[in-house]
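K.L.:
Input: one structure, supplied below.
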Amino acid sequence: MKSYWWKILGAFIVLYSVIAGFLLPVPELPILHETIRNTYFHIPMWFAMILLYLVSVVYSIKYLSSGNMRHDLLAVESVNVGIIFCAFGLITGMLWANVTWGEPWPNDPKLNGSAIATLMYLAYLVLRNALDEEQKRAKISAIYNIFAFPVMVVLLFILPRLTDSLHPGNGGNPAFSNLDMDGLMRAVFYPAIIGWMLIGIWIMTLRYRYRLLERDEDTLI
Amino acid sequence: MNLLKQVSLLVQKEITLEWRSKYALNGILLYVISTVFVCYQAFKSVHPIIWNALFWIIMLFAAINAITKSFVQESRGRQLYYYSLVSAKAVILSKIIYNVLLMLLLSAVAFFVYSTIFKNKLGDPTLYFITVMLGNLSFATVLTMVSGISAKAGNNGTLMAILSFPVIIPLLIVLIKLSKNAMDGLDRSISYNEITVLLAINLIVITVSLLLFPYIWRD
């Protein structure tokens, strides 16, 4: 109980945010209507992704200074899970855009930035496959990971704010939280972010432990 | 030997080597000029937006061709020799400086040829030229680091493309916006934001390269 309380907490919060997110009343706003519920799902996905990528960079830096293969495994599994969250973020975003903007993928700096950032992390996985030797793969992919992280931050958070963007919170548009959210929405929205982050980390640790077991088995034979 | 002296010696060595063979320089120059000429023959006259896009495509591929070579032409033995003589930071700095110089020369020639053969009205030629210089500076810094990574990873061209394009695309977006501003002759104060972003990206990339290259180098 001491060590896994946060997993139970994460599961409960996510369950709460899904039920409350669909059932509780939301403010009635023009154009948005019920799609405002998407904030409970779309934004937590990106928060979880950023957290996982951050974990990955931290372990890449740790790997470079320690040479411990466990750090490399943590870094790659964080990226693997981060990419899943990124895909869900893109899908929920596209569903929402289809209703409010009229098309799933308008030519918008925020969307293009996120697509390029996704490509960058897919390139990280391709780079790992291109290298056979374990130590070398760990080192070079750690270097690329550290190189990619600041570029990802620029793409997702700096460039869209400099140019015109349709996306809420960018290019002069206000974010939802400033205007449209009432107290009831906040009571669902903030826990949802924390819940999905916890779930993301949980999935990552599960995959990491699985990889460790797999590796031990390989070395035994 | 301090870092500055090492870097200047290595840059001198790169330039001397290049000057002896003139292989890369002439090859790239020929590539740029012939591409420009082919584009001119194919299009004769184009819309300014396409003119701008074509120029950046030509510059991008010229940059990739020029810089991919930077870590390949040296054998492992010679790299080991450098490793015993100078620090890794000096090596990456000298490569970046040499590639920046090479790209500045190339882009100046390319811009001159492109704008004389393929006429197009430029609202603010000075700002456009500055954009071209900044763009090639950024290509050089980004691609030098990426070519260092891909050279260690068995050095195939596909990997270089996969690794560099995600980093290059945001640069290209900013560059195309900036050069469009220059083409339309907009007031320069509008473009300061983009220039700052470009310089900031360069600064980040150079710092990260300096920090990370010693790890690639050690093998």
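K.L.:
List the relative contact order of chain A as a percent without decimals, with contacts defined as Cα pairs under 8 Å and 6+ residues apart. Write out the running numbers ahead of the final one.
P.N.:
Details: 235 pairs, mean separation 73.4, N = 221.
It comes to 33 percent, rounded to a whole number.
K.L.:
Separate question: Would you list, by chain and number, the aspartates and glutamates whose Cα falls below 17 Å from the Cα of B:Lys152, excluding same-chain residues fewer than 8 positions away?
P.N.:
A:Asp132, A:Glu133, A:Glu134, B:Glu74, B:Asp219
K.L.:
Tell me the Rg and the Dmax, in Å, that the Cα atoms of the protein assembly as shown produce.
P.N.:
24.6, 76
K.L.:
How many square angstrom of accessible surface are buried between A and B, both sides summed, with a 1.4 Å probe and rounding to 100? Spell out each step's value before the answer.
P.N.:
Values: alone 12070 and 11260 Å², together 21100 Å².
About 2200 Å² of accessible surface is lost on pairing.
K.L.:
On the accessible surface of region B:56-203, probed at 1.4 Å, how many percent belong to carbon and sulfur atoms? Walk me through the numbers before you get to the answer.
P.N.:
Working: 4040 of 5850 Å².
The value for region B:56-203 is 69 percent carbon and sulfur by accessible area.
K.L.:
Still on this structure, please answer the following. In debye to the nearest 20, how big a dipole does the protein assembly as shown give about its Cα centre with +1 on each Lys and Arg Cβ and -1 on each Asp and Glu Cβ?
P.N.:
On the way: 33 positive and 24 negative charges, 257 e Å.
Here the protein assembly as shown has a charge dipole of around 1240 debye.
K.L.:
Follow-up question, since we're still on this one. Treating the beta-carbon of each Lys and Arg as +1 and of each Asp and Glu as -1, no other charges, what is the dipole magnitude of region B:3-217 about its Cα centre, to the nearest 20 debye? Could you put the intermediate results ahead of the total?
P.N.:
On the way: 16 positive and 7 negative charges, 93 e Å.
In total the dipole reaches around 440 debye.
K.L.:
What pairs from B:Lys95/B:Lys180; B:Lys121/B:Lys177; A:Lys110/B:Lys180; A:Lys62/A:Lys136 go past 27 Å between their alpha carbons?
P.N.:
From B:Lys95/B:Lys180; B:Lys121/B:Lys177; A:Lys110/B:Lys180; A:Lys62/A:Lys136, over 27 Å: B:Lys95/B:Lys180.
K.L.:
What are the ³J(HN,Hα) couplings of region B:30-35, residue after residue, when phi is run through the Karplus curve with 6.51, -1.76, 1.60 and θ = phi - 60°? Round to Hz, x for glycine and proline.
P.N.:
4, 4, 5, 5, 5, 5
K.L.:
Within chain A, what's the longest run with no GluC sites (Glu not before Pro) in a DSSP loop and at most 13 other beta-carbon atoms within 10 Å? Give the range, please. Each step should come with its number before you reach the end.
P.N.:
Working: sites that count: A:Glu28, A:Glu133.
Of all site-free stretches, the longest is A:29-132.
K.L.:
Further question on the same structure: Can you give the helix-only mean residue ellipticity at 222 nm for chain A, where every DSSP H stretch with n ≥ 4 adds -39500 (n - 2.57) and the sum goes over all residues, rounded to the nearest 500 deg cm²/dmol? Write down the numbers at each step before the final one.
P.N.:
On the way: 8 runs with 167 residues, N = 221.
Rounded to the nearest 500, it is -26000 deg cm²/dmol.
K.L.:
Given 20 °C and 1.002 mPa s, compute D for region B:1-86 with the Stokes-Einstein relation, Rh being the Kirkwood radius over Cα pairs; round to the nearest whole µm²/s. If you can, show how the numbers build up before the last one.
P.N.:
On the way: Rh = 15.7 Å.
The diffusion coefficient I find is 137 µm²/s.
K.L.:
Another question, then. Accessible area per residue of chain B at 1.4 Å probe, in Å²? Let's see the in-between values first.
P.N.:
Working: 10170 Å² over 219 residues.
Result: 46 Å² of accessible area for each residue.
K.L.:
For region B:192-198, just list the computed ³J(HN,Hα) in residue order, Karplus coefficients 6.51, -1.76 and 1.60, θ = phi - 60°, integers in Hz, with x standing in for Gly and Pro.
P.N.:
Residue by residue, region B:192-198 yields 4, 4, 5, 4, 4, 4, 4 Hz.
K.L.:
Along each of its three principal axes, how wide is the spread of alpha-carbon positions in region B:3-217, in whole angstrom units, largest first?
P.N.:
Computed over the Cα atoms, the extents are 53, 35, 31 Å.
K.L.:
Here is a further query. In units of 2.2 N^0.38 Å, what is the alpha-carbon radius of gyration of chain A?
P.N.:
Details: Rg = 19.2 Å, N = 221, 2.2 N^0.38 = 17.1 Å.
Chain A yields a ratio of 1.12.
K.L.:
Return the sequence-ordered ³J(HN,Hα) values of region A:77-89 in whole Hz as given by the Karplus equation 6.51 cos²θ - 1.76 cosθ + 1.60 applied to θ = phi - 60°, using x for Gly and Pro.
P.N.:
Here the 3J(HN,Hα) series is 5, 4, 5, 4, 6, x, 5, 4, 5, 4, 4, 5, x Hz.
The values are calculated or read from the model by the stated rules, or taken from the named source; none is laboratory data. Just so you know, these numbers come straight off a predicted model, no measurement behind them. We place every Cβ from the backbone using ideal geometry, glycine too, and count neighbours over all the protein chains shown. Just so you know, the surface numbers come from the protein's heavy atoms only, side chains and all, with ligands and any DNA or RNA stripped out. Shrake-Rupley method; radii C 1.70, N 1.55, O 1.52, S 1.80 Å.
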